[in-house]
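The values are calculated or read from the model by the stated rules, or taken from the named source; none is laboratory data. Predicted model, so just to flag it, every value in this text is computed and none were measured. All Cβ positions, even for glycine, are placed from backbone atoms using ideal geometry, and neighbour counts span all protein chains on display.
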Amino acid sequence: MGKTVLTGIKPTGQIHLGNYIGAIKPALRLAENESYQKAYFVADYHGLTKIHDQNQLKELSYGVAAAWLALGLDPDRAIFYRQSDIPEIFELSWILSCFAPKGLMNRAHAYKSLAEGNQRSGKDVDAGINMGLFTYPILMAADILLFQSELVPVGKDQIQHVEIARDLAESFNKQYGKIFTIPEYIIQEETSVIPGLDGRKMSKSYNNTIPLFEEPKKLQKLINKIKTDSMPAEEPKDPDSSVIFALYKEFATIEQTVEMRRRFEQGIGWGEAKKELFGVMNSFIAEPRLKYDELIANPRKLDAILYDGAKKARKKTIPFLKEIKEKIGIYQ
Ligand code: ADP
Ligand code: TRP
């Protein structure tokens, strides 16, 4: 059997260009390899660490599911599911938490950066931090290890989490014999940090995102907001330090990219460059957007697809969890 590739997206905001280019696109590209087994999912219980509004969590979860499908994930060729439909993940998460050193969690960046922020602003170190957020990497390790995943395509910010999953797997295996497969992360160096409207990493935490399925008028407006300098149109520009070029090349053909690079170097007005960016993006997204809108309008269909995926997933997770429980002495 081929390698298992697994990745998840948490529903904490609308899918944006950074998520697509940094996470979804590389995962779908890997999925083209027929010999791989694919497990792609909506990490809704990871979303719960942040989203505490019932309707919002529901809508964002459907949004992530619809995005995967609209962008080309074929549920007949992958196991495509909602994390919360697989109870074995949460049982394993508890088991793993009994093997996870607390110090390791203290060093996990999502928690650490919030704790440090609290300290800087003179607050209690743990103000506003829930235990779900603190133990987030353990749940992610359970996601990965329960499926015996070998390859985990993620963005750069998730490397540490995959390393934690490796650590937990290794110490578990050392104690009980080889049970878990040791996962490896895959990142795409050149697209590991897609810049947002203000030039910083595109992230919902910075409010600088371009949602992927934005309707054309709004998309145009957002693109117009991308920060540029006041260089005159005819002045040569460095394509490699431009947010506009960085985004353009993700949606353009190689020929178009070569041509745009030439135009930058010869001098192109920012308004013109933005128009070109809108052109390639909008034509790329036109079809997926229709599919996305259709799926979002039909949550029953999404439920059925996800439920079907969960059934397939549990054919693997139920027996494997049983094996793990036998090893630790919970079952005879
Ligand atoms: P956000 O930073 O908006 O909260 P998430 O943390 O939910 O995004 O990221 C989901 C996935 O998308 C992760 O694999 C992450 O690495 C990837 N990702 C998010 N933003 C970017 C970006 N600007 N460039 C590249 N990849 C990104
Ligand atoms: N933590 C990941 C993120 O924030 C989402 C995620 C949850 C994930 N479980 C996973 C990614 C397992 C890869 C594998 O983007």
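I'd like the full set of residues that are out of contact with any Gly (no Cβ under 9 Å at 6 or more places or on another chain), assigned to a loop (DSSP other than H, G, I, E, B) and either within 14 Å of ligand 2 (Cβ to nearest atom) or of a type outside the set (A, V, I, L, M, F, W, C) (or both), limited to the stretch 183-212.
Scanning the stretch 183-212 gives Pro183, Asp198, Gly199, Arg200.
Can you pull out every residue in the stretch 208-249 that is small (Gly, Ala, Ser) and within 16 Å of ligand 1 (Cβ to nearest atom)?
Ser242, Ala246
For the stretch 230-240, does any single residue satisfy the condition of being of a type outside the set (A, V, I, L, M, F, W, C), buried (at least 19 other Cβ atoms within 10 Å of the Cβ) and either touching a Ser or Thr at 6+ places or on another chain (Cβ under 8 Å) or not in a loop (DSSP other than H, G, I, E, B) (or both)?
The answer is yes, given that some residue of the stretch 230-240 is of a type outside the set (A, V, I, L, M, F, W, C), buried (at least 19 other Cβ atoms within 10 Å of the Cβ) and either touching a Ser or Thr at 6+ places or on another chain (Cβ under 8 Å) or not in a loop (DSSP other than H, G, I, E, B) (or both).
What is the residue count in the stretch 100-120 for residues that are assigned to a helix (DSSP H, G or I) and touching a residue at least 12 places away in the same chain (Cβ under 8 Å)?
Residues that pass the stated criteria total 7.
Name, by its number, the condition in (1) without any contact (Cβ under 8 Å) to a residue 60 or more places away in the chain; (2) closer than 22 Å to Arg166 by Cβ; (3) within 12 Å of ligand 1 (Cβ to nearest atom); (4) in contact with a Leu (Cβ under 7 Å, 6 or more places away or on another chain) that does not hold for Ile24.
Going through the list (1) without any contact (Cβ under 8 Å) to a residue 60 or more places away in the chain; (2) closer than 22 Å to Arg166 by Cβ; (3) within 12 Å of ligand 1 (Cβ to nearest atom); (4) in contact with a Leu (Cβ under 7 Å, 6 or more places away or on another chain), Ile24 breaks only (2).
One residue is enough: does the stretch 76-99 have a residue meeting the conditions within 16 Å of ligand 1 (Cβ to nearest atom) and free of Cβ contacts under 8 Å to residues at least 12 places away in the same chain?
no
Residue-by-condition table, conditions (1) of a type in the set (D, E, K, R); (2) in the same structural domain as His161 (by TED's automatic domain parsing); (3) more than 13 Å from ligand 2 (Cβ to nearest atom):
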| residue | (1), (2), (3) |
| --- | --- |
| Gly8 | no, yes, no |
| His16 | no, yes, no |
| Pro26 | no, yes, no |
| Tyr62 | no, yes, yes |
| Leu71 | no, yes, yes |
| Pro87 | no, yes, yes |
| Glu91 | yes, yes, yes |
| Ile95 | no, yes, yes |
| Ser113 | no, no, yes |
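Do you know which of the residues in the stretch 296-332 that are in contact (Cβ under 8 Å) with a residue 40 or more places away in the chain and closer than 13 Å to Tyr62 by Cβ is surrounded by the fewest Cβ atoms within 10 Å (Cβ to Cβ)?
For the stretch 296-332, the residue satisfying everything is Pro299.
Looking only at residues that are within 10 Å of ligand 2 (Cβ to nearest atom) and outside any helix (DSSP H, G or I) in the stretch 152-177, which one is surrounded by the most Cβ atoms within 10 Å (Cβ to Cβ)?
Checking each candidate, the answer is Val152.
Collect the residues in the stretch 136-163 that are of a type in the set (A, V, I, L, M) and within 24 Å of Gly2 (Cα to Cα), keeping them in residue-number order.
Matches in the stretch 136-163: Met140, Ala141, Ala142, Ile144, Leu145, Leu146, Leu151, Val152, Val154, Ile159, Val162.
Go through the stretch 108-165 residue by residue and tally those that are under 18 Å from Ala27 (Cβ atoms) and within 15 Å of ligand 1 (Cβ to nearest atom).
Of the residues in that region, 16 qualify.
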